[in-house]
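Written out below as structure tokens is the structure these notes cover.
The values are calculated or read from the model by the stated rules, or taken from the named source; none is laboratory data. Keep in mind the model is a prediction, meaning the values are calculated, not measured. Because the Cβ atoms are built from the backbone with ideal geometry, glycine has one as well, and the counts that use them run over all protein chains shown.
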Ligand SMILES: Cc1cc2nc3c(=O)[nH]c(=O)nc-3n(C[C@H](O)[C@H](O)[C@H](O)COP(=O)(O)OP(=O)(O)OC[C@H]3O[C@@H](n4cnc5c(N)ncnc54)[C@H](O)[C@@H]3O)c2cc1C
């Protein structure tokens, strides 16, 4: 099948690539761009391991075609760290032990990035509602909630000047 | 999982999209949120030759109010319902429903119009829209036409839309004062389709007497079901406990569930009874000003 040209900004870098329309966004990121931080978990739109941010919305990259990202901005877990400094969420997952095997973590981080960007003082219920599309089979979610709370507090204190800065 | 190959089109106007659907014929599929279509393409349950992606058509992502109606444009996503003030205050039934559809990530892509256009009796918005008495606007080569929601679901996975028509808007009349609604869904876990779901929207004349009742049922039949007998029974009655129980039994008798992994037909029918009674009580509270 004929390839089509797309122009996508990923973590601030523009890419002009020819792709097949049926190529999934997650495969484009991992295989064409070699950004393997975005994981493939269930591949059936259920687990959220492949979550990335497209034009400010957290979406499942296994349930979008790369061609849909033409002319849009994508942010992946590789885009969180800025100038060698961890994002408050990354710091939170480290401080609060928000991961064990780490497989769900990139998705949890990207969901949190958008969520805390719009609500940096969430209740525990709001956090649990926000992460209900991201499955974790290790932690029981307790430390993930704590990691979000840690990050939210850091963001309120202005420890990170970013908040929603990178949301394109 | 990799879908079969297809040709991709990305029209910039509605006219262009309709013209494409007309030109490409029945092998073309419209792509909006993609949250039903893409999983089905990955499983190769559907393999359209052409995809017409409407996401780049500007001006379709609205939730607005005019002429006594709430209007939901083709590209309004489920998550917009969750954060809309007018939806929260005037259409709690819609806000209830949006919260229990799939998960937040799916909701940030999936469209409300796509939830109806997919024609799946397991989807939650059809029941909601039946209860609210919504109309859908279809745009095709001959222009626009309005379809009453009760005529929109003729059969399993089919809708009243022609192949070259696009569902461009859902139109819902603003409820009169003293109205209330509620959506209750039993799901095994977040993101699961309903074992059964019940949408209720009522309007009261005075403290207790019901002047209009809308009841829609999710995933208990080949199509979304409008519980017409229960609705007619409630109209003009005082909503006391006995009346509510009788209406709930009627709604249960109007459901046509089947045995499957989510439960037996008998269990689901009884679930419709229980959920209808609870949703009616919740709607009644809200109609009287409660939350
Ligand atoms: C993990 C998961 C869980 C889910 N759980 C639920 C749930 O609990 N409840 C529920 O209701 N849904 C659920 N869904 C389905 C999801 O809500 C639907 O995908 C969505 O509502 C369909 O809208 P869409 O915009 O994604 O449509 P698409 O997937 O883009 O399209 C679906 C179908 O409708 C057609 N179509 C779409 N838009 C239009 C239009 N404007 N005019 C004409 N035809 C159109 C398409 O051609 C296609 O045939 C779930 C999905 C996933 C992936």
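Table for the structure above
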{"quantity": "From the options A:57, A:72, residue that is facing chain B (nearest Cβ under 10 Å) and within 16 Å of the ligand (Cβ to nearest atom)", "calculated": "A:57"}
{"quantity": "Residue A:66, sole failed condition from (1) touching a helix residue (DSSP H, G or I) at 6+ places or on another chain (Cβ under 8 Å); (2) touching a residue at least 60 places away in the same chain (Cβ under 8 Å); (3) within 14 Å of chain B (Cβ to nearest Cβ); (4) closer than 23 Å to residue B:82 by Cβ", "calculated": "(4)"}
{"quantity": "Yes/no for residue A:33 being more than 10 Å from chain B (Cβ to nearest Cβ), farther than 24 Å from residue A:117 by Cα and away from the ligand (no atom under 16 Å from the Cβ)", "calculated": "yes"}
{"quantity": "Test: residue B:102 is surrounded by 21 or more Cβ atoms within 10 Å (Cβ to Cβ) and at positive phi", "calculated": "yes"}
{"quantity": "Test for residue A:98: is it surrounded by 24 or more Cβ atoms within 10 Å (Cβ to Cβ) and either in contact with a strand residue (DSSP E or B) (Cβ under 8 Å, 6 or more places away or on another chain) or in the same structural domain as residue A:149 (by TED's automatic domain parsing) (or both)", "calculated": "yes"}
{"quantity": "Check on residue B:26, more than 12 Å from chain A (Cβ to nearest Cβ), loosely packed, with under 14 Cβ neighbours inside 10 Å and more than 23 Å from the chain's Cα centre (by Cα)", "calculated": "yes"}
{"quantity": "Top-ranked residue in segment B:98-125 [being more than 8 Å from the ligand (Cβ to nearest atom) and closer than 24 Å to residue A:135 by Cα; ranked as farthest from the other protein chains (Cβ to nearest Cβ)]", "calculated": "B:98"}
{"quantity": "Qualifying residue in segment B:160-169 (condition: in contact with a helix residue (DSSP H, G or I) (Cβ under 6 Å, 6 or more places away or on another chain), modelled with pLDDT under 95 and under 30 Å from residue A:47 (Cβ atoms))", "calculated": "no"}
{"quantity": "Qualifying residue in segment B:29-40 (condition: within 14 Å of chain A (Cβ to nearest Cβ), under 20 Å from residue B:118 (Cβ atoms) and more than 22 Å from the chain's Cα centre (by Cα))", "calculated": "no"}
{"quantity": "Selection from segment A:9-19 of residues that are within 14 Å of another protein chain (Cβ to nearest Cβ) and surrounded by 11 or more Cβ atoms within 10 Å (Cβ to Cβ)", "calculated": "A:19"}
{"quantity": "Number of the exception - residue A:99 against (1) within 16 Å of the ligand (Cβ to nearest atom); (2) more than 18 Å from residue A:155 (Cβ to Cβ)", "calculated": "(1)"}
{"quantity": "Hey, residue B:138 out of contact with any helix residue (DSSP H, G or I) (no Cβ under 9 Å at 6 or more places or on another chain), assigned by TED's automatic domain parsing to the domain that holds residue B:113 and more than 14 Å from the ligand (Cβ to nearest atom) or not", "calculated": "no"}
{"quantity": "Residue in segment B:90-97 that is within 16 Å of the chain's Cα centre (by Cα) and either within 7 Å of the ligand (Cβ to nearest atom) or within 14 Å of chain A (Cβ to nearest Cβ) (or both) present", "calculated": "yes"}
